[in-house]
1. Could you tell me whether any residue of segment B:38-60 is surrounded by fewer than 19 Cβ atoms within 10 Å (Cβ to Cβ) and aromatic (Phe, Trp, Tyr)?
2. Go through (1) in contact with a Gly (Cβ under 7 Å, 6 or more places away or on another chain); (2) more than 25 Å from residue A:38 (Cα to Cα); (3) surrounded by fewer than 19 Cβ atoms within 10 Å (Cβ to Cβ) for residue A:162 and report which single condition fails.
3. Let me confirm something: among B:96, B:78, B:107, which residue is within 14 Å of another protein chain (Cβ to nearest Cβ) and at pLDDT 95 or above?
4. Quick check on my filter: what residues within segment B:18-33 are within 12 Å of chain A (Cβ to nearest Cβ) and buried (at least 16 other Cβ atoms within 10 Å of the Cβ)?
5. Which ones in segment A:95-122 are facing chain B (nearest Cβ under 9 Å) and touching a residue at least 40 places away in the same chain (Cβ under 8 Å)?
6. Mind checking which strands (runs of 3 or more DSSP E) fall wholly inside segment A:175-263 and carry at least 3 residues that are not assigned by TED's automatic domain parsing to the domain that holds residue A:39?
7. Quick one: would you say residue B:52 is in contact with a Gly (Cβ under 8 Å, 6 or more places away or on another chain), more than 14 Å from every other protein chain (Cβ to nearest Cβ) and either within 26 Å of residue B:197 (Cβ to Cβ) or assigned to a helix (DSSP H, G or I) (or both)?
8. If residue B:88 passes every condition in (1) in a helix (DSSP H, G or I); (2) at the interface with another protein chain (Cβ under 10 Å from one of its Cβ atoms) but one, which one does it miss?
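The values are calculated or read from the model by the stated rules, or taken from the named source; none is laboratory data. Note that this is a predicted model, so its numbers are computed, not measured. Cβ atoms come from the backbone with ideal geometry, glycine included; neighbour counts cover every protein chain shown.
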Amino acid sequence: MIHLEHVSKWYAGRAAVEDLSFSVEEGEVVGFLGPNGAGKTTTMRIITGYMPPSEGRVEVAGFDPVEDPVAAKSRIGYLPESPPLYPEMSVLTYLTFVSDLKRVPRSQRTKQVEQAMERTGLTGVRHRLIGHLSKGYRQRVGIAQALLGEPPVLILDEPTVGLDPRQIIEIRELIRELAGSHTVLLSSHILPEVQALCQRVIIINRGRLVAEDRTENLSASKAGGRLELVVQAPAPAVAQRLEQVPEVAGVRILEPETGGQVRLQVDERPGMDARPAIFFALAEAQWPILELTRPRFSLEEVFMELVTQEPAEAGEGSA
Amino acid sequence: MSGLGTIYRKELRILLASPLSYVVAAVFLALGGYFFWLFLANTALASLSGYFGNSSIVLVFIVPVLTMRLWAEEEARGTAELLLTSPVSLGQVVVGKFLAVATLFAGILLLTVGYPLVLILRSDPHLPTILTSYLGFFLLGAAFLAVGLFTSTLTHHQVIAAVTGFGLLLLFWFIDLAAGSVTGTLRQVLLALSAFTHFEPFTRGLISAADVTYFLSVIAGFLFLAERNLERRLWG
């Protein structure tokens, strides 16, 4: 549904986005993560046709936003970083205006505006001037606006920013509800949000892609090489024995022996699963394994790791 | 609903909701009332030529105030992002905005209908001249509005848009003055460029194709420049 091929955007000689390629398939909800200034907003503006890329190609729902802007734009619902509102208009007037702008047929206009207000909880403030609304409500008007015209693709730049916790839950519910019938690309720097909503995550930093994977794989992949276990055994001896297992790269005692039990952390060699070997080794020595777990890193840890690695790598590259 | 019509109605709605539009209209009408009285008191002629002559200079100052927010405000509010990611063309945005502000200007002009009415009731003015004066004044104002709309696309600061607009419109005026102090071809060129040279025949009851074409060209030219400028800003 959304395809980017080697997209770059240059501002005054500096790359805001550099050689970015990724795809979002129909019906997917994809999280777009990155620290502030990573190029998330620029990328979204390129996808929505607000600005053309300096290099590379974009395709949305089969149309190039530069070559065929009207066709591409009429298939995208876009919530910009700051909701594009006219404070002197009432909610109803504004949403009616946006429906016209998006070429919603007259016969469907009232229905779509009502539906958008209902979904975003705006029905009660329909006649209020947007300028008199709280930040949370304004954000909701911004989201309602993106739903008009029933676009198959939704691009949401920080959809829950400025909302209180209850509103955040409501908007997340709404995005989940939309997920089935829409292709959604949403940016965020709130990681649990992305974990809760998205099937897939694209992480960029300094305008470049640093990771792209399914949310669960991304959490698993970084933890792949690490196990935690509790063994009923004398601590030094069990550590020594574990180090002899070929699949094991390193052993660390996390909690020293208490009541005959020891908690250890084991690093596996890359690409290897050490669990069966550990089981047989400890069984042979008659040391019962009480617990064996593969702790999942949170997305937050993965994110921090990927994003903080980058400058070091860049430094090596130029050296 | 066409994109042009949607932009037009939205822009007119915002212009009519803005206190600035009413302040501009009030200033224009108050000064106009003064000019109308002044000309009658000094000449005792049943003519609006003095009124239109003086008001054309007022236009130089009020038009940039009407047009300064047209695009600059969309940039500052972030609503440019909505307009430019919607299935409307930049041409529709520019022309829609121009027609909206021209409608407001026509509305303000309509409020001056009292002056010719007074003349008709109390005297015997030459009606065709009054009508051509109105037409010429509207064309002059519309051309200035196009210039102001163009300067609004240069920046997201409304004041900068207005000051740039004053500058360009004053230049239109000073071209006229410069033409008085040179001779030959240069004088012909300067006169041909001057908005007031092309406006003045209308106040004497003359409509010429050349004058009408001049104003329509200025409008088309500056709307084109505005559209190009928006396009360029996006690629920047």
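1. no
2. (2)
3. Details: B:78 fails: at pLDDT 95 or above; B:107 fails: within 14 Å of another protein chain (Cβ to nearest Cβ).
The unique qualifying residue is B:96.
4. Residues of segment B:18-33 within 12 Å of chain A (Cβ to nearest Cβ): B:18-21.
Matches in segment B:18-33: B:18, B:21.
5. A:98, A:99, A:102, A:103, A:104, listed by residue number.
6. Values: elements: A:183-188, A:200-205, A:208-214, A:226-232, A:248-258.
Hits in segment A:175-263: A:226-232, A:248-258.
7. Values: in contact with a Gly (Cβ under 8 Å, 6 or more places away or on another chain): yes; more than 14 Å from every other protein chain (Cβ to nearest Cβ): yes; either within 26 Å of residue B:197 (Cβ to Cβ) or assigned to a helix (DSSP H, G or I) (or both): yes.
Answer is yes for this residue.
8. Tallying (1) in a helix (DSSP H, G or I); (2) at the interface with another protein chain (Cβ under 10 Å from one of its Cβ atoms), residue B:88 fails exactly one: (1).
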